[in-house]
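Written out below as structure tokens is the structure these notes cover.
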Amino acid sequence: MPGGFALDPGPCPCGGGEYSRCCGPFHRGERRAETAEQLMRSRYSAFAKREVDYLRRTHGQPAPRRALLQACRQTTWLGLTIHAVDGGGGDDLEGTVRFEARHQQGVLVETSLFQRRGGSLAGEWLYIRALELND
Ligand SMILES: [Zn+2]
């Protein structure tokens with residue numbers, strides 16, 4: 001059984017409550033993110049929980065597994081705050097989420113772009129990339 005998720009009673013790294021009911025179901029493949037914000041939160045939690053496979057399957061151009069695992073190990077995440085959401089809802093094909101993710105070495109502030117796979121409402125949400133200030 002990968003990860004032993006059911007035995008993890010702690011709080012969700014994203015701050016949304018108990019992990020087993022918050023982002024856990026996404027990582028276990030039981031639920032699919034319905035909004036860009038849900039995907040963003042679940043990806044943050046996946047970084048904190050080192051759920052590398054989830055990170056790869058929710059990324060438009062996934063990095064190699066080993067590189068991702070190494071990146072996860074190098075950072076201790078401390079908390080997440082969502083600052084703004086634009087689009088990314090049930091009827092959208094695209095959306096952005098601006099957030100602040102705190103870690104031991106500082107703070108990552110990013111506006112992430114999300115799109116649905118295949119440009120279709122039936123496609124699941126994917127992380128595409130961080131937007132630059134002039135995007
Ligand atoms: Zn969560």
Checklist entry - Once Rh for the stretch 17-80 is found with the Kirkwood sum over Cα pairs, what is the Stokes-Einstein diffusion coefficient at 10 °C and 1.306 mPa s, in µm²/s? => result 133 µm²/s
Checklist entry - How much of the DSSP beta bridge set in the stretch 8-130 is antiparallel, as a percent to the nearest 5? => result 95 percent
Next on the checklist: On the principal axes of its Cα set, how long, how wide and how thick is the stretch 54-101? Give whole Å, largest value first.
Outcome noted: 35, 24, 12
Item to check | Protection-proxy order for peptides 54-65, 27-38, each taking the mean of Cβ atoms within 10 Å per residue, highest first | outcome: 27-38, 54-65
Next on the checklist: I want to make sure I understand the PRE zone here: with the label point 7 angstrom from the Cα of Q61 toward its beta carbon, which residues in the stretch 106-135 have backbone N atoms less than 20 Å away?
Outcome noted: 110-120, 124-135
Checklist outcome for this item: Taking max minus min of the Cα coordinates of the chain on each principal axis, largest first, gives extents in Å of 37, 33, 30
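We did not get these values from a lab; they are worked out from the coordinates using the rules stated. All of these numbers come straight from a predicted model, not from anything done at the bench. Methodologically, a virtual Cβ is constructed for each residue, glycine included, from the backbone with ideal geometry; neighbour enumeration extends over all protein chains shown.
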